[in-house]
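One structure is given here, and the rest of the page talks about it.
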């Protein structure tokens, strides 16, 4: 579950397992597997970050049967969809 903010400032807790895809049009539109569409104030990158954090925290199973409990390396989803991590200076 992740918390998001509708355009009218209303807070909503969303079952992240139901997210089918996210569009930026320029508003962020989350389409659920049920066909419902939700417009939110958060960016698509922020939604992805929240989903990944929730799944890490919950120790959930990702597609392919690979568990990613807290403290492990970045998930496949994060590697391919999250904003790049800041690099340390030498």
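What follows is calculated from the coordinates using simple rules that are stated; it is not laboratory data. What you are looking at is a predicted structure, and each value in this text was computed from that prediction instead of being measured. Here the Cβ is made from the backbone with ideal geometry for all residues, glycine too, and neighbour counts use every protein chain on show.
Between residue 36 and residue 12, what is the label-point separation in nm under the 7 Å Cα-to-beta-carbon projection?
Placing both labels 7 Å along Cα→Cβ, they lie 0.7 nm apart.
Students often check this: by mean Cβ neighbours within 10 Å, which of 27-39, 6-18 ranks highest, and how do the rest follow?
Per-residue mean Cβ counts within 10 Å order the peptides as 27-39, 6-18.
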